[in-house]
Every structure is written in C-alpha cells, then in structure tokens.
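Beneath this line is the structure, given in structure tokens, with notes to follow.
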Amino acid sequence: MQHPHEPCPCATPHPHPTTDFLDSCRANTLLAELDDEEDLPEPDEDEDENEDDNQEDQEYEEVLEEEEYETKGGRRRTWDDDFVLKRQFSALVPAFDPRPGRTNVQQTTDLEIPPPGTPRSEVQEEVECAPSPHLALILKVSGLGTTREVELPLSNYKSTIFYYVQKLLQLSCNGSVKSDKLRRVWEPTYTIMYREMKDSDKEKESGKMGCWSVEHVEQYLGTDELPKNDLITYMQKNADSSFLRHWKLTGTNKSIRKNRNCSQLIAAYKDFCEHGCRSTGSSPGSLAAVQSCDILSGAREPAQAKAGTGQSACGMEDVLQLLRILFIIGGDPHSSRSLQEEVDDLQFNASPEEFTSKKVTTKILQQIEEPLALASGALPDWCEQLTSKCPFLIPFETRQLYFTCTAFGASRAIVWLQNRREATMERTRPGTTVRRDDPGEFRVGRLKHERVKVPRGENMMEWAESVMQIHADRKSVLEVEFLGEEGTGLGPTLEFYALVAAEFQRTSLGIWLCDDDFPDDESRQVDLGGGLKPPGYYVQRSCGLFPAPFPQESDELERLSKLFLFLGIFLAKCIQDNRLVDLPISRPFFKLLCMGDIKSNMSKLLYQSRGEADLHFSEIQSEASTEEGHDTYSVGSFDEDSKSEFILDPPKPRPPAWYHGILTWEDFELVNPHRAKFLKEVKDLAVKRRQILSNKSLSEDEKNTRLQGLMLKNPTGSGPPLSMEDLGLNFQFCPSSKVHGFSAVDLKPNGEDEMVTMDNAEEYVELMFDFCMHTGIQKQMEAFRDGFNRVFPMEKLSSFSHKEVQMILCGNQCPSWTSEDIVNYTEPKLGYTRDSPGFLRFVRVLCGMSSDERKAFLQFTTGCSTLPPGGLANLHPRLTIVRKVDATDASYPSVNTCVHYLKLPEYSSEEIMRERLLAATMEKGFHLN
C-alpha cells in the first residue's frame, strides 16, 4: 500500500513544504487510506457492516464529486487512485453528516453472541486460501550520497517508506547526516521492487538477516561497492551492546577499521545474520526482548573520543542508564547504600519530580500531535523506548496520553485526534459551537459501538467468556444489555463488568491463593453485585489476589488456562474501553501487568549480564587507554542476606518465563506471608551455617558446636526449639487450601523421598520460592498474557508503575469523601440546592457510610464501585441529585446510571433516608422507574 507521504514507487517525488503538502491533499482522504493494526473480519462475518460501509462510500464519492477543492496553483490536486489500495477501518463508521437528505449509519449495532459451548468452527468458518508465492519488498536507490546502487529490504511492515529512506541516508553517510544531504533526500529516484522469496531467504522477513547477503559481503567487503565503514556503521546501528563488545565493534569507526580485518568483520556479520542483534554468547530470554540492556537500541550512537586524549566520551545511552541507576538509588536509598555511604552516613535522595524532563515531555507531546504520523503508526522509535524504559523522565499524565493514542490501533487514534481537535477549537472559540458542516472541519468517522445481550444468573460467566472471546480482536466499543431488562447504554455495561469482576473472585474457581488454616481478616459477608454472600464465598485477602501455583502437568491446567485467558481479555478490554473494575488484584500481579518496575528490571539486567560482564571486563579495560584502577559497584534490590547469597552461591538456571526475574522475595512475603515467614527462618539458618563453615578462625570442634545450636522456633509457639530434621519435611509443595484439588507436588525429581536437612535447606527454600512465584504459575500467566495481547500488547503498560496501572484499571478502590467534597463536586438540582435540608441530610448520610456501603452506593449511582483517580472531583459527569416528585417516606430512590443522575425523595429524617438508600443499592437489574 502506498503511504500518503511516501514517494511513488516508480517516480521521482517533488520536494515541497509540509504545509503545501497538507494543503494539496485533503486530510480526511489521507487518513482514510491508513491501515488499522488488526486483521479485517472474515467476509461472511460482518455482512451488514460491509453493506453499510459500501453505501457510505458511494455517498462519500458523491460528496467529492460535488465539492471542488482548489490549490494555490488554481487547479484541483487529486490523489492518484489508480495506485492506492484502500481499506476500511473495522472500528469506524462514517462521520455524522447533518445536511438535509443525508442518510447516516447507526453508530451502535447489535452483535450476535452464540450460546456458551458452541463449537468454534460454527462461530467462524475457516476460509481456505490457495497457496500464494512468498513475496518480499525491496527499496532500491542510486545517487543518495554514493554512486553505487543500494538496496534495502522492507522487512518491518509497520514501518513507513520514509523510515527506510532515512535508514538508507544514514548508511550512505556513515551515520553523519548533514542538513544539505537531508535536503537532497528527495533528489534521487526510489524504486520499490517485488521479489519472490526463496526458502533460503525466509529468515529475512523476520528481520534476522542483515542489509546485505552474506555472499555479497564476502565478495565486496573492503571495495568501493561495500566499504568496511558501511558494514561497521550498520552493525553499530542494529546490534546491541553485548554483540558489539563480543566482536570488539565498540569505539570509533577509525579504530575499528584499524583493529578488525575483513575476515573478522565477515564473521561478525554472519553471527549477526544467524542470531539477530544478539551474540551467541548472550543468554536469551523472552523478557529480554522487552527489557533489553540498551534503552535507545535502534538509534545508539557510538561514543566519540575526546580530542587529544584516549578516553571515550559517554553517549546518550550512557546518560540514560546513569539516570536509571540514580532514580533507583534516589527512590530507595536504604536498600542501595554502599559501604562507604554507610560509614560516612551519606545518601543520595531525590524525589521523582526532580527526574522529570520538560524538554522530553514537550517533544513527545509534539510528536503525538502530528496526525499522519500518529494515525499511521510512524512515530519515532525513541518515543516508545523512552516512555517504556525511562518513564521517570515523563510525567504520568503525558505517558497516559501517549498510551491512550498509540495502544489501541489506528481507528481509536483517529477518533482521539478528532476529539482533541474539537476540544481545542472549543477552547479557542468560546461561546460558539463547532459546526459539523464547517468547510474547515474534517472527520474520518465515528467509533463503532457493538451491543450484545446476555442473561443474568448462574450462566452469566459462561456468556461473558463467549462475549470476550468473540470481541477480543475488535477495536469497537463493547456495550452490554441484560435480557428481559429495559436498561441500555453505559449503566448495564458497567454492571456487566462489575458482575464479571465479582465472579472472578469466587473461591470455588480455585485460581487464587487462599489459606484454610489462616483465614484473612478481610473475610466478611459482602455483596459484590450478585447478592449478599457469606464469608469465604469470595477470596478476600488484605494483600489482594495472586495466582495459586499448580503442578504444570495437571489435567486441571486446561481449565485454569482457559480462565486466565478469559481474565487477560477481560482486563485488557476494561483498559481499552476505559471501564473501571473493582478487582482487588495484589501488587505483585500488577507488577506482572506492567512487566516489572525499573528497580526489579535493572536488578535482573545486572544479574543476567554479570557473567557476560566478567567475560568482557578485560576487553573493556584494554580499550580504555587509561591505567587507573576502577572500582565496580552493583545496584540491585537485594537485602543484605540476599546480597551474600548472590555473591557466594548464585541461583541455578531455571526454565525462563516471560515474567522471570520480576517477582522478588518481598512479593512472596506479601502474597504468601505464613509460608514466607517460615522459609525466611530456614534461609536465615542456612546463611548462618554457611558463615560458620566459611569462618577460618574457628576450629572444627567450635564449628560443630555452633552448627548443633542452629535451631528453629517451635511452630506451636511454645515448647523447645526444633532442628531442621525434627520437622520431617520433604521436597514437596503442599497447597494451603483444599479448593485447589491436589495434596502435594514434587519440587524436584523424587522429592517425596528426599528429606530436608541443614545441608540442603537452601535448595529447599529456593525451589519452594521458584514454584510459588515462577514455575507453578507459568502456564496460567502465559495464558493470561496471550489473552491480554489479543486486545492490545501488554508491553504498552511497561511505561507505568504498578500503582499507576492499578489506578488506570481499578481507580480508587477505597473510596472516601468529606462533606466538603460532596458539596463541591455534586450538583443538586430541580428541587434541591446546596442549602436545602433534604440535600444536607443526604450529605450527612453519605459521610456516615462504611467502606462497603460507599462502594454499594457508587455501584448503584455510577455503575462502578470505585472512583476515578482524584475521587469525586474527577467523576464525570458529576453526580446530580434531584428531588423525586410525588414521593413519600415509603418511596425509594432511583437512578439514571449513564449520566449519574440520582432521583432522591425528600425524606423526613436521616434514618429513613439511610434505610431507603441502602435498600435501593441492594436491588438488582435495570427496569423502568
């Protein structure tokens, strides 16, 4: 597909300023030709939708025929439709046309959901396609800074043609692009060629092979056809730091050309082509692709040497890495203080606000205000890299804005741009409304709403799963109605999300950690939307919900994986449609959602790269010409005991998971406090034992005496201390609740037959922690991530902390307010004023509610039991209280949930008002009042 601001494949583009370009091409035409980041539905799946779109296309073409658009030159500039492939946006319907006689497409359409249990083949028929040749796109240019012809494979379908033009310019100019060369970028002719891809070339499409074939490099490297400088620059631009260090490609191009011959460069390029940007010596991991050591990996510039010295100057990458380390130290000074700091009682302490960069924030805001770049997904790579890996440089509001307009596809990005432009025009033209038929206005379309109908009752969870499975890949807004009820719109939709969130908390599902022997203090009788339930019906823990570990070979894993897949789709839909849900997820689970925080990721990267750093330490020293000694420091999130274990006995390698290394012992103590407390005592004994054995000042008899004194506290709380052998533990995990359906699982082969002693106690602690926080939840979390990624990539949440993700998804889960908040941020109308006795009684009743009663009141009036960040002040629309006419003390309040409209009778006393209001919150369903 030809991109609007890309050169024509077989013609020389004419240079002209951006303003002239936008003037010469209608913005709505350009945006309508952009592609969405999702596959179109099958042809026989949305026939009605396609018919509506085709009808609107005909009307739209008539409008273009009726309207003349003149350019500055006096003649109409038309787009070359013969070379443009148009594609409909699946989540947009045509913009509303207010002119008389125009037929507008309904924004909300009904979506049929098959009953639960319907085979997948009946829901969506498979369309068999004839095999077609595998084609590859090649961009070819000559005369761009060099006389030879250069070809570049267009391997990334998400990138624009202009991106590859810039890449060719960087290669031809050896990474140094001057303004005069940048102006000449439009002079040569660019040709896009189609070639059939051979089996040996299939790896090119996945980006694993380089710019040139290995045969081409072997034949022409070192000649005018392919100078060594071009190959060095290409690998420095596309390989990570570990690869460059492994092949000694760090430093300036001049020094590399001097020290590396053609054979060595060819060998490095072969390694690059076979294994991508990572060297064979680095350890792969699924998370490493997301949280790599390099921040600006796609635009890393080699540090230049200082003039007249042998020292290398630091580059932008080094500055950003230093800022990350300083942010970690400043945010948690006590866990990262060095020995010298402890001696001198010094510490680095800086608030997060001091790390915010106004210039970086301004640059990101400027980037997302470029309509074509945003809607076509052509924003610079550094925007995503900085928001993800250095979020502390950007305030939360800006990161949330960037996330909202980039995470959900082109359809929602276009609607976001339109809404933002309308808001800007309303601010600049106060007192007037924006006319939809204004010639200066453009609207590509409206966001489609799809309505489904589900029944209440015991089968609602199964229906909800069917809804989410079918709607997961759609970018339209999901609306829900309940069968047999009159309510429609936002109110029933929010209640649907609240009811599903409550069902996910059921203890009988067996997916969450819970403890039969140590019930949590939070366990109580509660109504989460499905009626009043006894204590123990829901998993209610002060630490929140966390997946229960299961044996990964169990037959039960199929059911659990299906539930976690459903949960992933559900939470992603909540974020995409901006639906707050009161789901008490634990902090460690939120850390998994945002791919960890900076602190845990930095510790993980330092741990992973420790062995690699040792291998390259002598190499780094040899590259630096200075002979001064250097001290090495490690920054991590380990406590003192963990540090000693980290140094003396690093953990053994484990099968990697996408979240490996994110969860820490602190998270384990939070979600499994009783088990963690016992294991901490065992770990402390093991550390003391190791210290005794390594103490060379003690004799063998003294060591034996001290080892015999290592005892555990009696679990009963009284009685003599016990040795490790007295406990009779084996290498098995026993679940803390019978609801999980299994009695024990081996932590290692033949674990049932191996007893825990002081000699293997450390291994026992390590295996138990690994099973609870890693291997025992691996398939569940993989299913959760698969479901989440069906809606939008989970990696998009990596720009937020776990607290910020919690506020985005759940809002304020402990709603509170004062009488001043209620008076200032609610709207008494139609019979009530802020001074009327009935409204003042209402204020006092709300202030006297308990936490559960406040949640029930919010669920009743707004459809959600939580408040947005900022409380009542940020609740939109504002809660409106009006006097219910012809009502007595026996009448009950009623609401219009969609607009937060409470119709409240003027009761004679606070007691009656409280009783009637709480009774109304217990009623279920949407009916006419």
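In region 564-578 there is at least one residue that is in a loop (DSSP other than H, G, I, E, B), open to solvent by 10 Å² or more (accessible area, probe 1.4 Å) and not basic (Lys, Arg).
Looking across region 471-491 at every residue that is open to solvent by 30 Å² or more (accessible area, probe 1.4 Å) and aliphatic (A, V, I, L, M), the one that is nearest to VAL791 (Cα to Cα) is identified as LEU490.
Out of curiosity, is SER609 open to solvent by less than 10 Å² (accessible area, probe 1.4 Å) and either at pLDDT below 90 or β-branched (Val, Ile, Thr) (or both)?
Against the criterion (open to solvent by less than 10 Å² (accessible area, probe 1.4 Å) and either at pLDDT below 90 or β-branched (Val, Ile, Thr) (or both)), SER609 does not qualify.
Candidates in region 896-921 are the residues that are open to solvent by 30 Å² or more (accessible area, probe 1.4 Å) and hydrophobic (A, V, I, L, M, F, W, C); of these, the one that is nearest to the chain's Cα centre (by Cα) is CYS898. Looking across region 501-534, the residues that are among the small types (Gly, Ala, Ser) and within 33 Å of the chain's Cα centre (by Cα) come down to ALA501, ALA502, SER508, GLY510, SER523, GLY529, GLY530. The single condition among (1) under 40 Å from the mean Cα position of the chain (by Cα); (2) closer than 20 Å to HIS674 by Cα that GLY751 does not meet is (2).
Under the condition of being modelled with pLDDT of 90 or more, open to solvent by 30 Å² or more (accessible area, probe 1.4 Å) and either farther than 30 Å from ALA410 by Cβ or not in a helix (DSSP H, G or I) (or both), the residues counted in region 776-823 number 10. Quick check: is even one residue across region 583-596 at pLDDT 95 or above and more than 22 Å from ASN812 (Cβ to Cβ)? No, region 583-596 contains no residue that is at pLDDT 95 or above and more than 22 Å from ASN812 (Cβ to Cβ).
Consider region 663-705. How many of its residues are in a loop (DSSP other than H, G, I, E, B) and surrounded by fewer than 14 Cβ atoms within 10 Å (Cβ to Cβ)?
Within region 663-705, residues that are in a loop (DSSP other than H, G, I, E, B) and surrounded by fewer than 14 Cβ atoms within 10 Å (Cβ to Cβ) number 4.
Would you pick out the residues in region 824-834 that are of a type outside the set (Ser, Thr, Tyr) and in contact with a strand residue (DSSP E or B) (Cβ under 9 Å, 6 or more places away or on another chain)? Listed by number, the residues that qualify are GLU827, PRO828, LYS829, LEU830, GLY831, ARG834.
If you go through region 721-744 and pick out every residue that is aliphatic (A, V, I, L, M) and in a helix (DSSP H, G or I), you end up with 2. Does any residue of region 730-740 turn out to be out of contact with any Ser or Thr (no Cβ under 9 Å at 6 or more places or on another chain), of a type in the set (Phe, Trp, Tyr) and within 30 Å of LEU545 (Cβ to Cβ)? Yes: region 730-740 contains one or more residues that are out of contact with any Ser or Thr (no Cβ under 9 Å at 6 or more places or on another chain), of a type in the set (Phe, Trp, Tyr) and within 30 Å of LEU545 (Cβ to Cβ).
Residues are listed down the side, and each one gets a yes or a no for (1) open to solvent by 30 Å² or more (accessible area, probe 1.4 Å); (2) modelled with pLDDT of 55 or more; (3) not in a strand (DSSP E or B):
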residue	(1), (2), (3)
CYS129	yes, no, yes
ILE138	no, yes, no
LEU152	no, yes, no
TYR164	no, yes, yes
GLN170	yes, yes, yes
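Do we find a residue being polar (S, T, N, Q) and in contact with a helix residue (DSSP H, G or I) (Cβ under 8 Å, 6 or more places away or on another chain) anywhere in region 761-779? No; the residues of region 761-779 include none that is polar (S, T, N, Q) and in contact with a helix residue (DSSP H, G or I) (Cβ under 8 Å, 6 or more places away or on another chain).
Among the residues of region 728-741, those identified as open to solvent by 40 Å² or more (accessible area, probe 1.4 Å) and under 44 Å from the mean Cα position of the chain (by Cα) are LEU729, CYS734, LYS738, VAL739, GLY741.
Taken as a whole, the condition of being open to solvent by less than 50 Å² (accessible area, probe 1.4 Å), more than 23 Å from GLY776 (Cβ to Cβ) and within 24 Å of the chain's Cα centre (by Cα) does not apply to ALA548.
Residues in region 876-892 that are in contact with a Pro (Cβ under 7 Å, 6 or more places away or on another chain) and open to solvent by less than 40 Å² (accessible area, probe 1.4 Å) were compared, and the one that is modelled with the lowest pLDDT is ALA887.
Restricting to region 89-119, and then to whatever is of a type in the set (D, E, K, R) and surrounded by fewer than 10 Cβ atoms within 10 Å (Cβ to Cβ), can you tell me which residue is farthest from GLU465 (Cα to Cα)? So the residue we want is ARG99. Residues in region 517-543 that are not β-branched (Val, Ile, Thr) and not in a loop (DSSP other than H, G, I, E, B) were compared, and the one that is least open to solvent (accessible area, probe 1.4 Å) is TYR538. Contact map, region 886-899: residues that are at positive phi paired with residues that are surrounded by fewer than 16 Cβ atoms within 10 Å (Cβ to Cβ) and at pLDDT 85 or above, Cβ distance under 6 Å, separation 6+ or inter-chain. No pairs are found.
Counting only residues that are part of a helix (DSSP H, G or I) and either touching a residue at least 12 places away in the same chain (Cβ under 8 Å) or over 24 Å from GLU763 (Cβ atoms) (or both), region 706-720 holds 2 of them.
Considering region 358-381, and only residues there that are charged (D, E, K, R) and not in a helix (DSSP H, G or I), the residue that is modelled with the lowest pLDDT turns out to be GLU370.
The values are calculated or read from the model by the stated rules, or taken from the named source; none is laboratory data. From a predicted model like this one, the values you see are computed outputs, not experimental measurements. Virtual Cβ from ideal backbone geometry, glycine too; neighbours counted across all protein chains shown. Surface accessibility is based on the protein's heavy atoms, side chains included, excluding ligands, DNA and RNA. Shrake-Rupley method; radii C 1.70, N 1.55, O 1.52, S 1.80 Å.
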